[in-house]
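Shown next, in structure tokens, is the structure this report addresses.
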Amino acid sequence: MMEKFTFPGPGIGYSMHNHSNFSDGASTLEEMCRAAKASGLKLFGMSDHWVVPAYEGTGTESWRMKHDRLAEYIETLQKLKKELEDDNFTLKIGLEVDFFFENMDEIIDDLNKYPLDYLIGSVHCCGTFPVDHAAYDWEPLPMEERDAICEMYWKKVEGAAARKEFLFLGHLDLPKKFALIDNSRYIAHAARVLDILQQNGGAIELNTSGWFKPCAAPYPDLEILKLANARKVPVVVNADAHHHDHVRRNFNEAEQLLAEAGYHFN
């Protein structure tokens, strides 16, 4: 596994949260990796969705990698590493792992059997509720139910932050995606997650895909980035690309936002 990031983190130049058609992406692994090299990225990581639900009813089958394809995924990326890597480009093999309290030890033990470079810790499911599936999942819910889901979400993110196996956490404030959640209500929750990361040497991403969602803002927002900087939590900018045209989308805007949050890179 890759070594933990040190503050302030790699910032711009890497993109380590990306998806292919092995999960819910639109492009092949080869298309993604060749586009990343052509874009001038120094380091590119593929991180297709790995979800092993702890209970039934999550509906994740439609967007996660099939469990029997993991060896093929790794083998394909190993071949692309040999072909594409040079002094200016490095390819890393990762997975975006959905966090469940109930079976995380078993998931990690299983993944440790494979030659993976890194794991991203993410939360997409609160019970069987799909946090980022569609606005219509959230719209009928009264504020009390929305708040309960967000409370569960942040508690699960705290659990992910406590796992030292994750190189960084994915899209920290994901429930805001559909512009139906007041993010300011959960700043204290984000601060607790950042405190855990500070203690464990963990990191976060600045995920630029949020700029292209209804919330029209990256994950996380400026206020949370300022809290992360104050705690010296490292950050890496990621496109969360699902198409090869998007491997460094809005990276200039991300660089400006990080500077506003107080992050400075060599």
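The values are calculated or read from the model by the stated rules, or taken from the named source; none is laboratory data. Only a predicted model underlies this, so the values are computations on that prediction, with no experimental measurement involved. Positions of Cβ are backbone-derived with ideal geometry, glycine not excepted, and every protein chain shown enters the neighbour counts. Surface areas here come from the heavy atoms of the whole protein model, side chains and all, with no ligands, DNA or RNA. Shrake-Rupley method; radii C 1.70, N 1.55, O 1.52, S 1.80 Å.
A few remarks follow.
- In Å², nearest 10: area of residue 232 left accessible to a 1.4 Å probe: 130
- At full extension, residue 164 and residue 191 could sit 7.9 nm farther apart than now, given 0.36 nm per residue minus the alpha carbon distance.
- Residue 227 accessible area, assembled protein chains, probe 1.4 Å, Å²: 40
- Spin-label model, residue 139 to residue 232: label points 7 Å out along the Cα-to-beta-carbon direction sit 4.8 nm apart.
- Note, ³J(HN,Hα) from phi for the stretch 93-102, Karplus 6.51, -1.76, 1.60, rounded to Hz, x at Gly and Pro: 9, x, 9, 9, 9, 6, 8, 10, 4, 5
- Ellipticity estimate at 222 nm from DSSP helix runs (n ≥ 4, -39,500 (n - 2.57)) divided over the chain, nearest 500: -10500 deg cm²/dmol
- The chain - percent relative contact order, Cα under 8 Å, separation 6 or more: 26
- Dipole check for the stretch 135-266: with +1 at the C-beta of Lys and Arg, -1 at the C-beta of Asp and Glu, and the Cα centre as origin, the magnitude is about 400 Debye.
- Judged by the mean number of other Cβ atoms found within 10 Å, the most tightly packed of the peptides 242-251, 186-195, 13-22 leads the ranking 13-22, 242-251, 186-195.
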